[in-house]
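**Student:** Pasting a structure here, questions to come.
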Amino acid sequence: MRDLIIIGAGPAGYTAAIYAARAGLEPLVFEGDQVGGQLTTTTEVENFPGFARGIQGPDLMVAMRDQAARFGAELVMSAVTEIDLKASPIRVKAGERMEEVRTVIIATGATAKRLGLESERTLYGKGVSACATCDGFFFKGKRVLVVGGGDSALEEGNYLTRFADSVTVVVRRDTLRASLAMQEKAKANPKLNFAWNSEIADILGVEVGHVTGVKMKDTVTGEVREVGCDGVFAAIGHDPNTALFRGQLELDAANYLITHDGTTTSLPGVFACGDVQDHRYRQAITAAGSGCMAALDAQHYLENLPKKEA
């Protein structure tokens with residue numbers, strides 16, 4: 001019988017592991033299929049406190065992982081395939097391994113929706129991004145495109161105009177899905193333009209290792225033209241990695257885990273942190289902060305269990 005299992009290994013999961021291990025909970029961390037989470041797909045991280053000259057995303061995650069291991073967290077590169085959160089004790093299966101545990105911290109994160117282009121995959125972190133707050137600074141004086149027609153796309157576009165010389169929002173239709181207030185704000189921004197009835201057919205620059213432009217397709221006529229740019233931001237949403245918990249935990253309309261009183265979910269002894277329950281901030285530092293909160297919440301929960309359960 002274990003005290004704590006952590007599912008997920010991004011900034012939230014590793015921070016939870018650091019705090020839990022230091023508290024003597026001997027956490028077992030199932031790191032999943034993408035060890036290190038979304039930060040392993042980024043290059044320079046300049047807004048994480050403590051790194052005045054920035055740090056590569058994968059290097060930051062290796063440092064966090066090593067720190068968790070140093071304090072005694074057991075790290076397993078395996079994905080949880082089954083979980084019964086309503087059982088007492090909770091039952092967790094990863095591959096052939098079955099564990100029984102008193103508390104669980106869910107830190108499975110979210111996955112940015114992609115355009116589905118091979119060139120997008122190749123140039124991710126080299127001009128292609130899904131986070132303006134993370135990467136906007138690198139596009140000072142540049143030309144960028146933002147793909148999407150909802151609030152997220154317009155919010156990203158407005159933010160990018162702080163740095164880029166020009167920002168064009170690429171919209172598949174001739175109308176926006178965004179709220180009226182967000183539309184008015186975007187249309188009033190002189191640095192923000194719109195490419196209506198358009199979609200990205202390909203991203204150019206693979207041969208030189210960075211984005212140089214796109215092939216833009218007219219969704220009405222089918223005409224394809226080349227448009228020069230330095231960056232492409234996909235703002236078509238995120239999918240929280242919650243499939244494993246549906247039917248067991250309370251989710252919101254977008255399938256994010258609902259938390260209250262810190263990181264508590266709808267079941268006792270089950271906590272959630274990071275992007276799996278945060279569709280607003282989605283930053284490495286906020287994920288890490290909520291990972292700390294989840295570890296402290298789990299520790300407090302265990303300390304207050306009746307002795308026959310503890």
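**Student:** Which condition number does residue 254 fail, the rest of (1) modelled with pLDDT under 95; (2) not assigned by TED's automatic domain parsing to the domain that holds residue 290 being met?
**Tutor:** With respect to (1) modelled with pLDDT under 95; (2) not assigned by TED's automatic domain parsing to the domain that holds residue 290, residue 254 is out only on (2).
**Student:** Given the conditions (1) at pLDDT 90 or above; (2) within 18 Å of residue 229 (Cβ to Cβ), and given that residue 176 satisfies all but one, which numbered condition is not satisfied?
**Tutor:** Among (1) at pLDDT 90 or above; (2) within 18 Å of residue 229 (Cβ to Cβ), residue 176 violates only (2).
**Student:** Mind telling me which of the residues 73, 23, 17, 68 ends up being more than 14 Å from the chain's Cα centre (by Cα), among the hydrophobic types (A, V, I, L, M, F, W, C), modelled with pLDDT of 95 or more and surrounded by fewer than 23 Cβ atoms within 10 Å (Cβ to Cβ)?
**Tutor:** 23
**Student:** Within the set of pairs 6+ apart or on separate chains, which have a first residue in region 59-74 that is in the same structural domain as residue 97 (by TED's automatic domain parsing), a second that is in a helix (DSSP H, G or I) and basic (Lys, Arg), and C-beta atoms under 6 Å apart?
**Tutor:** As it stands, the answer is 71/22, since those pairs meet every condition given.
**Student:** Among the candidates 79, 87, which residue alone is exposed (fewer than 15 other Cβ atoms within 10 Å of the Cβ), in a loop (DSSP other than H, G, I, E, B) and not assigned by TED's automatic domain parsing to the domain that holds residue 204?
**Tutor:** Among 79, 87, only 87 is exposed (fewer than 15 other Cβ atoms within 10 Å of the Cβ), in a loop (DSSP other than H, G, I, E, B) and not assigned by TED's automatic domain parsing to the domain that holds residue 204.
**Student:** Do we have any residue at all in region 92-105 that's touching a Cys at 6+ places or on another chain (Cβ under 9 Å) and within 27 Å of residue 281 (Cα to Cα)?
**Tutor:** The answer is yes, given that some residue of region 92-105 is touching a Cys at 6+ places or on another chain (Cβ under 9 Å) and within 27 Å of residue 281 (Cα to Cα).
**Student:** For the list (1) surrounded by fewer than 16 Cβ atoms within 10 Å (Cβ to Cβ); (2) free of Cβ contacts under 8 Å to residues at least 40 places away in the same chain; (3) out of contact with any Lys or Arg (no Cβ under 8 Å at 6 or more places or on another chain); (4) over 16 Å from residue 6 (Cα atoms), I need the number of the one condition that residue 97 fails.
**Tutor:** Residue 97 satisfies every listed condition except (4).
**Student:** Same structure again: Looking only at region 117-150, filter to residues that are assigned to a loop (DSSP other than H, G, I, E, B), at negative phi and surrounded by fewer than 24 Cβ atoms within 10 Å (Cβ to Cβ); which one of those is modelled with the lowest pLDDT?
**Tutor:** Once the filter is applied, the top-ranked residue is 131.
**Student:** Could you check region 238-263 and list, in sequence order, the residues that are small (Gly, Ala, Ser) and surrounded by 13 or more Cβ atoms within 10 Å (Cβ to Cβ)?
**Tutor:** Correct list: 262 only.
The values are calculated or read from the model by the stated rules, or taken from the named source; none is laboratory data. Owing to the predicted nature of the structure, the values given are computational and were not obtained by experimental measurement. Reconstructed Cβ throughout: ideal geometry from the backbone, glycine too, with neighbour counts over all protein chains shown.
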